Amino acid sequence: MKSIGNIQLLNTQKIAFLCSDKYSSKSVLASYDWVSEIKKQKRCVISGFQSRLEMDILDILLQGTSPIVMVLARSIFVKCPAKYRAAVESGQMLIVSPFDDDIPIVTRERARIRNLKVIELADEIVVGHINQGGMLEGILLETEKGVVVLDK
């Protein structure tokens, strides 16, 4: 895996946050409550941070000091985006990619592979919302790790 940032974060306890692209306001409220607690505990969160709610969770985490691991569904960035630079430089954030350098575009299949990597690297899995019959549901049915769904 290619990486930018604090590679030592892979050796910490990581809690995955995943969410389907379509979700309810109940999912949003539950996820915001969850991330507020995680920030207080300074737990390491791993995610692709691709769905809108996942991106919101990332924005909240970037306002604090909790460790963050972002797994890309494309090649690693050639240059660290400005939005993440301070977190990467301070050691708060690690950005990784399981893909070769010539994969600049996210596809559904690459997102699936990325989500599998997130689950593989995580010690715990938390989900904001799962769409019935969706890709995320299929992936989570295959894992033997426990899954907590926030909007139940």
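A few comments on the model shown:
- Filtered by the rule that a residue be under 25 Å from Asn11 (Cα atoms) and in a loop (DSSP other than H, G, I, E, B), region 138-152 gives Thr143, Glu144, Lys145, Gly146.
- Pick from region 124-137, criterion open to solvent by less than 30 Å² (accessible area, probe 1.4 Å) and more than 16 Å from Ile15 (Cα to Cα), ranking: farthest from the chain's Cα centre (by Cα): Gly134
Table: residues versus (1) of a type in the set (A, V, I, L, M); (2) within 16 Å of the chain's Cα centre (by Cα); (3) under 19 Å from Gly64 (Cβ atoms).
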{"residue": "Lys2", "(1), (2), (3)": "no, no, no"}
{"residue": "Gln8", "(1), (2), (3)": "no, no, yes"}
{"residue": "Ser25", "(1), (2), (3)": "no, no, no"}
{"residue": "Val35", "(1), (2), (3)": "yes, yes, yes"}
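- Test: residue in region 52-69 that is among the hydrophobic types (A, V, I, L, M, F, W, C) and more than 16 Å from the chain's Cα centre (by Cα): no
- Screening region 138-152 for residues that are closer than 18 Å to Ile57 by Cα and not β-branched (Val, Ile, Thr) and picking the one that is least open to solvent (accessible area, probe 1.4 Å) gives Asp151.
- Residue match in region 129-136 (condition: in a helix (DSSP H, G or I), closer than 26 Å to Leu62 by Cα and touching a residue at least 12 places away in the same chain (Cβ under 8 Å)): yes
- The one condition from (1) outside any loop (DSSP other than H, G, I, E, B); (2) farther than 14 Å from Val88 by Cα; (3) open to solvent by 40 Å² or more (accessible area, probe 1.4 Å) that Gln8 does not meet is (2).
- In a residue-by-residue description of region 2-20, the property of being hydroxyl-bearing (Ser, Thr, Tyr), within 23 Å of Gly134 (Cα to Cα) and modelled with pLDDT under 95 applies to at least one position.
The values are calculated or read from the model by the stated rules, or taken from the named source; none is laboratory data. From a predicted model like this one, the values you see are computed outputs, not experimental measurements. Cβ sites come from the backbone with ideal geometry, for glycine too, and all protein chains shown count toward neighbours. Surface areas here come from the heavy atoms of the whole protein model, side chains and all, with no ligands, DNA or RNA. Shrake-Rupley method; radii C 1.70, N 1.55, O 1.52, S 1.80 Å.
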